[in-house]
Amino acid sequence: MVTNWLSLTVPHVKRDAVVIVGKNLDLLDVGVAIASDNTSSVQDWISRELIYKPSAEQLSIWNSDDSKKFNALIVQPFVLVQEPDATQEDNGATSPAPV
């Protein structure tokens, strides 16, 4: 799902549940790894800073841009977010392309 930043701020950011997924990872693959407790992959991504919590600076920037969009995937208790690539932003895609 593509969502704007403001729809994530309450309550997910407040409860520190938002996790950013780097553009070089597949959002769905990360979600499956977290859901299936694949700790080796998840720890590897964390150590390489490919998945991480947003910084205070990022939150401040995103809070000031109500048009900022993200691909999002809920994997309880987390909300995984990833900035859309340029092609998704250009064509206004609302969901990932079919595989």
Practice task
Report, ordered by the first and then the second residue, all pairs with beta carbons closer than 6 Å, sequence separation of six or more or different chains, a first member in segment 43-68 that is closer than 15 Å to GLN82 by Cβ, and a second member that is of a type outside the set (Ser, Thr, Tyr) and in a loop (DSSP other than H, G, I, E, B).
Solution key: LEU50/GLY22; LEU50/LEU25; TRP62/LYS68
Exercise for the section: Those residues that are surrounded by fewer than 16 Cβ atoms within 10 Å (Cβ to Cβ), basic (Lys, Arg) and out of contact with any Leu (no Cβ under 9 Å at 6 or more places or on another chain), I need them from segment 47-83; list them, please. Expected result: ARG48, LYS53
Exercise for the section: Of all residues in segment 16-26, count the ones that are surrounded by fewer than 15 Cβ atoms within 10 Å (Cβ to Cβ), at pLDDT 95 or above and either in contact with a His (Cβ under 6 Å, 6 or more places away or on another chain) or under 19 Å from GLN76 (Cβ atoms) (or both). Expected result: 0
Completion exercise
Filter segment 88-99 for residues that are open to solvent by 90 Å² or more (accessible area, probe 1.4 Å) and under 20 Å from ASP29 (Cα atoms); the one that is modelled with the lowest pLDDT is VAL99
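Yes/no per residue for (1) over 20 Å from LYS68 (Cβ atoms); (2) touching an Asp or Glu at 6+ places or on another chain (Cβ under 9 Å); (3) open to solvent by less than 90 Å² (accessible area, probe 1.4 Å):
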| position | (1), (2), (3) |
| --- | --- |
| LEU8 | no, no, yes |
| PRO11 | no, no, yes |
| LYS14 | no, no, no |
| LEU28 | yes, no, no |
| GLY31 | yes, no, yes |
| TRP45 | yes, no, yes |
Exercise for the section: Look at segment 40-72 and say how many of its residues are under 18 Å from ASP16 (Cα atoms) and either among the basic types (Lys, Arg) or modelled with pLDDT of 95 or more (or both). Expected result: 7
Completion exercise
Scanning segment 31-70 for residues that are closer than 19 Å to ASN4 by Cα and in contact with a Ser or Thr (Cβ under 8 Å, 6 or more places away or on another chain) gives ASN63, LYS69, PHE70
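The values are calculated or read from the model by the stated rules, or taken from the named source; none is laboratory data. The shown structure was predicted, so the numbers you read here are calculated from the model rather than taken from an experiment. In this analysis, Cβ positions are derived from the backbone assuming ideal geometry, glycine residues included, and neighbour counts consider all displayed protein chains. Heavy atoms of the whole protein, side chains included, go into the accessibility calculation; ligands, DNA and RNA do not. Shrake-Rupley method; radii C 1.70, N 1.55, O 1.52, S 1.80 Å.
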